[in-house]
Structure formats: structure tokens, C-alpha cells
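The values are calculated or read from the model by the stated rules, or taken from the named source; none is laboratory data. Keep in mind that this is a model prediction, so the values were computed, not measured. Every residue, glycine as well, gets a Cβ built from its backbone with ideal geometry; the counts of neighbours run over all protein chains shown. Side chains included, ligands, DNA and RNA excluded: accessible areas come from the protein's heavy atoms. Shrake-Rupley method; radii C 1.70, N 1.55, O 1.52, S 1.80 Å.
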Amino acid sequence: KEVSGSDLGESQTTNLLKEKGVKIYIGHKGENIPEETDLVVYSDAVKEDNVERVRAKELKIEQKSYFKALGEFANQYELVAVSGTHGKTTTTAMIIDVFEEAGLDPMGVVGSLRAKTKSNFRSGKGKYFIAEADEYMRHFLQFQPKILVITNIEADHLDYYKDLDDVQSAFRELARKVPRDGSIVCNPHDENVKPVLNGVSASIIDYKRLGSSSEFALKVFGKHNRNNAEVALAVSSVAEIDHKVAMEALNKFSGTWRRFDYKGALTTGSFLYDDYAHHPTEIMATLNGAREAYPKKNI
């Protein structure tokens, strides 16, 4: 495939793509869309009146949202979709690391950059595709997962969803798409998850019963990350990966960009971390993780 693309400004991502040989335009212009283009893939942030989308429409070029295009691609594989209000990114990256360590050579897409590779994408020739499944605007309904992960569910994205019930209705619709011979990895005793499992035909795998967090010697801090590792361990058991291999991969896991991401020490001797947490639950988890890492320091 010949690929080009545009963005409003230069970034780490556009520079990485340039290095890979992708033609990147900075700024949106109609002429960025060549007449012989087969497909235009757009972010939901780019509306129909954008000059490039208008140009594509004039030229009668097919257009797909990013999530629709990703779904069509990922659904050709045995798809592991990682959903949930919190922990999706880290859990997705952990699962990719485990499958990689087990020699399964997975394809993978994460909503951040893996610390290990400084990329959000892993190209693989195996049968598995591991993808972060975003609930915003029901994007994840483009996926047909064989293994569905639900880390947790809370009221979030309330600019789109009416309330928690509305959020749960989207997760329920996704859970019902998992086939009878598929698996849903979750905590079925969680009060917010329980209603989502009504009417599903797939097997329910309780990640809380498959691995004790006391086994872990993780490099990443916090109870939330031990939970993420428990989820990844449960997924590895569904894929029949050796427990010891999975544990080794998880204990070596070095994190993702902007998830309690160590940036360095200041001249004052303070350590600086960058964290993307923006939901109250996530901020609490990050602060608790920081306290665990530095029990005697001011935060």
C-alpha cells in the first residue's frame, strides 16, 4: 500500500511516520488528496467540511473513519479487544508483550507508545491481533473480538453517554458480539460489569481467580497495574501460553508513554513523572502508585 497523510502540526508521531517513508503534509489542503487515491481514512476530530474530506467527496473517493478501517483490518485476525474505562492502554501493551515473549508474533495497536519500542503499533505474522478498544462514541462496536477484555466500567465520556446505564449498554452490545467459542475476560462480580454480561454466549473468564498479584514482581507501580497484569495473565491462559513465560514477560514490562512515565530528576533532586490520568479514579490510582513507589517523599 502507498500511504500519505496530513496533520495540523509536526509531532513525534508524524516524524516517526516520515522515517518509515510515509509522505506527511503539515496543514490540511485539498491537493493533499491525489486523484488516484483509493481510500481516505479520517479521525473523528476531522469533520465533513474539512477541505481534504470535501476534496475526497468531489473525487468520489471512499472514506472511512479510523475505527471503521481498523475494525475491518483487525477482524480478519483472531482479535483480542481490550476494553474498559481504565487500564486499557497498559493492559493492551502487557498482552502484546506476553504474546511476543511466547513466540506468537501478534499484530497490535495501543492507544499510546510502548516504552519498549517507542511505537503504538506492532507488526506481526501470527494469527492474533491485540487492539485497545475505545468505548467513546461506541467506537469499539466496529470490532468482532474472539477474546474480549473488560477491565472495569465507570461513568465516563459523559459528553457522549447520558449516564452509567448508557455506557453499560454499549459494553453489553460489544459483549454479545463475542462468539460462543470465544471468551470474555473480566471480573464478573464487579457491580458495574455484572449487568453487561446478560445474554452473552461466550465463556466468562474471571481474571481475579486465575492469578494472584502476590506472584508479581512488576517494574510498574500500583495496585491498578497489578490488576492490569492479572487481566493479561488471564488472557494468556485463554491463549494457552505457559504461565511461567507470561509471568516473565509481565515482570519485565516497562510501561507506556504518559502512564506514570519517568522523565528524569530535577536539579532540586525531585523526580518528575508524566501521567495522562484525567478521570478521578485514575488520578487516585496514580497518586496511590506514586506513594507506593516513594513512601517517604513529598508528592
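Summary table below
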quantity	calculated
Helices (runs of 4 or more DSSP H) fully within region 20-112 counting 1 or more residues that are within 30 Å of Ala239 (Cβ to Cβ) and open to solvent by 20 Å² or more (accessible area, probe 1.4 Å)	66-74, 88-101
Residues that are of a type in the set (D, E, K, R) and either in contact with a Leu (Cβ under 9 Å, 6 or more places away or on another chain) or open to solvent by less than 10 Å² (accessible area, probe 1.4 Å) (or both), drawn from region 113-145	Arg114, Lys118, Lys127, Glu135, Arg138
Top-ranked residue in region 113-134 [being in a loop (DSSP other than H, G, I, E, B) and hydrophobic (A, V, I, L, M, F, W, C); ranked as modelled with the lowest pLDDT]	Ala115
Cross-chain or 6+ apart pairs with Cβ under 9 Å, region 51-65 first and over 15 Å from Lys29 (Cβ atoms), then of a type in the set (Lys, Arg) and surrounded by fewer than 15 Cβ atoms within 10 Å (Cβ to Cβ)	Gln63/Lys57
First in region 242-256 and farther than 13 Å from Phe99 by Cα, second anywhere and among the β-branched types (Val, Ile, Thr) and assigned to a loop (DSSP other than H, G, I, E, B), Cβ under 8 Å, 6 or more apart	Ser254/Val220; Gly255/Val220
Residue within region 25-45 that is without any contact (Cβ under 8 Å) to a residue 12 or more places away in the chain and within 27 Å of Met137 (Cα to Cα) present	yes
Condition check for Tyr262: within 23 Å of Val110 (Cα to Cα), open to solvent by 80 Å² or more (accessible area, probe 1.4 Å) and in a loop (DSSP other than H, G, I, E, B)	no
The lone exception for Tyr276 - which of (1) farther than 27 Å from Leu174 by Cα; (2) open to solvent by 80 Å² or more (accessible area, probe 1.4 Å) it fails	(1)
Residue that is nearest to Thr281 (Cα to Cα) [pool: residues in region 135-192 that are part of a loop (DSSP other than H, G, I, E, B) and of a type in the set (Val, Ile, Thr)]	Ile153
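Rundown of residues vs (1) of a type in the set (A, V, I, L, M, F, W, C); (2) within 23 Å of the chain's Cα centre (by Cα), yes/no style:
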position	(1), (2)
Glu248	no, yes
Trp257	yes, yes
Tyr262	no, yes
Leu266	yes, no
Ser270	no, no
Asp274	no, yes
Ala277	yes, yes
Ala285	yes, yes
Lys296	no, no
